[in-house]
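Working notes, structure below.
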Amino acid sequence: MRIGLFDVDSHNFPNLPLMKLSAWHKSRGDTVEWWDPGDGRYSIVYASKVFTESVLPAITNADTVHIGGSGIDLKNKLPYEIEHTTPDYSLYPQFKFALGWLTRGCPRANHGFCITPEKDGCRSIKTADLSEFWTGQKQIYLLDQNLLACKDDRIDLIRQLAASKAEVEFGGGMDVRFMTDEVIEELRHVRVKDYHFAWDDPKEDLFPQFSKVASSGLFPARKIGVYVLTNYWSSHEEDLLRIYKLRILGYCPYVMIYDKQKFVDARGRLLPDVWDRYTPEQIFHFKLCQHLQRWTSNRALWASCQTVNDYRPYIQFLTKWPDILRRHQHENHLSQF
Ligand code: SF4
């Protein structure tokens, strides 16, 4: 059979399902190549779409077309036999790392901003041993969303990573709540590329856990990024509290703004219709988040401004906001005539 593969999103990151499909078909003696709309007929074309916004063109030169990926829906899955095939790394020769999942799922079901609990379940469960997708590469990229939440198997999996001696990147970050003494001791034997955590829920006090990791000597806190979710369920004061607590411990907070693209363009300017879609209070809150993000993400500013009140654009914005609001209300009033 002649098999065509179509990575709908791009080739900027390897598409794991296509790599597994390729390996599986090759093992059956099929010819596998990238799909070309103008190059004859295919027996089967597999199109994989990770992002909803990616545009999928019509595929008319195949007897059968299979379309999958989280950009289509959250339920489609590869058949078990294909899911557990070692990926065909030759599809993306520009990438040198091994890629895969050791676990799937995450218990943080209250994180409505994340698709993982719905897509992969509300428990972190082991799905593979490292040997299923690691073929001796010097680097390993893990797609796991919450490996440390897999209480039954995490120690064994961490030991597998340590034994590989490869540099390991935890693409989904780590959950600081599961950084127990035992986990920390095991992680000392793994060549972790970099650590990053998240502090999403303002109602959870994760200061003790972050404090424990910082004092463990596992990795310098100043090199550990911590994502701080804003504009979702927290007040400005709650955002600041998390940022200041992380600062005390020496971490680098990265402010994440929920729905940012609905407020501003790529250059950070408010979209023209934002006043029609959000209340002034929501826009004000968003702008505060944006200033927090600019302050914390610039290392020089972060070092020189001990508090957000030392960050001049933030103070200027607070001063200017009444004028901005008055101007908007005036224009809005005029537009009614
Ligand atoms: S902890 Fe991470 S993976 Fe789990 S639900 Fe929250 S954001 Fe998603």
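No lab work stands behind these numbers, since they all come straight from the coordinates. Treat the numbers as computed from the prediction; the structure is a model and nothing was measured. So basically every Cβ, Gly included, is an ideal-geometry build from the backbone, and we count neighbours across all protein chains shown.
Pairs exceeding 29 Å between alpha-carbon atoms, taken from Lys223/Lys260; Lys119/Lys223; Lys20/Lys165; Lys126/Lys165; Lys203/Lys260; Lys193/Lys262: Lys119/Lys223; Lys193/Lys262. Of the residues Ile257, Ile155, Ile324, the one that moves most in a GNM of the chain with alpha-carbon contacts below 10 Å is Ile324. Here the Gaussian network model covers the chain, with springs between Cα atoms less than 10 Å apart; of Arg108, Arg294, Arg277, Arg277 fluctuates the most. Amide H contacts under 5 Å for Tyr278: none, restricted to partners 5 or more places along the chain or on a different chain, H placed in the peptide plane at 1.01 Å from N. Per-residue ellipticity at 222 nm, computed for the chain from helices alone with -39500 (n - 2.57) per DSSP H run of at least four residues, works out to -10000 deg cm²/dmol.
Positive end of the dipole of region 252-292 (Cβ unit charges, origin at the Cα centre): among Ile283, Val264, Tyr254, the Cα lying farthest that way belongs to Tyr254. Here the contact order of region 6-61, divided by its residue count and restricted to Cα pairs under 8 Å and six or more residues apart, works out to 53 percent. Computed from point charges on the beta carbon alone (+1 for Lys and Arg, -1 for Asp and Glu), the dipole magnitude for the chain about its Cα centre is near 860 Debye.
Hydrodynamic estimate: the Kirkwood radius of the chain over Cα pairs, inserted into Stokes-Einstein at 25 °C and 0.890 mPa s, corresponds to D of 107 µm²/s. When only alpha carbons are used to place a centre, region 1-51 and region 91-157 end up 23 Å from one another. Grab the other residues whose beta carbon is less than 12 angstrom from that of Lys20, score K and R as +1, D and E as -1, and report the net. With Lys, Arg at +1 and Asp, Glu at -1, the neighbours total -2. By the beta-carbon count within 10 Å of each Cβ, the least crowded to most crowded order of Lys20, Lys223, fewest first, is Lys223, Lys20.
With +1 on each Lys and Arg Cβ and -1 on each Asp and Glu Cβ, how big is the dipole of region 1-95 about its Cα centre, in debye rounded to the nearest 20?
Numbers: 8 positive and 12 negative charges, 41 e Å.
About 200 debye.
With K and R counted +1 and D and E -1, the other residues having a Cβ less than 10 Å from that of Gly71 yield a net charge of -2. What is the sum of charges, Lys and Arg at +1 and Asp and Glu at -1, for the other residues whose Cβ falls under 11 Å from the Cβ of Leu143? After counting each charged neighbour, the total is -2.
Which residue fluctuates the most in the chain, going by a Gaussian network model with Cα springs under 10 Å, if the choices are Ala266, Ala214, Ala47? Most flexible of the set in this elastic network: Ala266. Could you tell me which residue out of Leu18, Leu130, Ser297 lies farthest along the dipole of the chain toward its positive end? Charges go on the beta carbon: Lys and Arg +1, Asp and Glu -1, centred on the Cα centre. Going by the Cα projections, it comes out as Ser297.
Of all DSSP beta bridges confined to the chain, the antiparallel ones make up roughly 10%.
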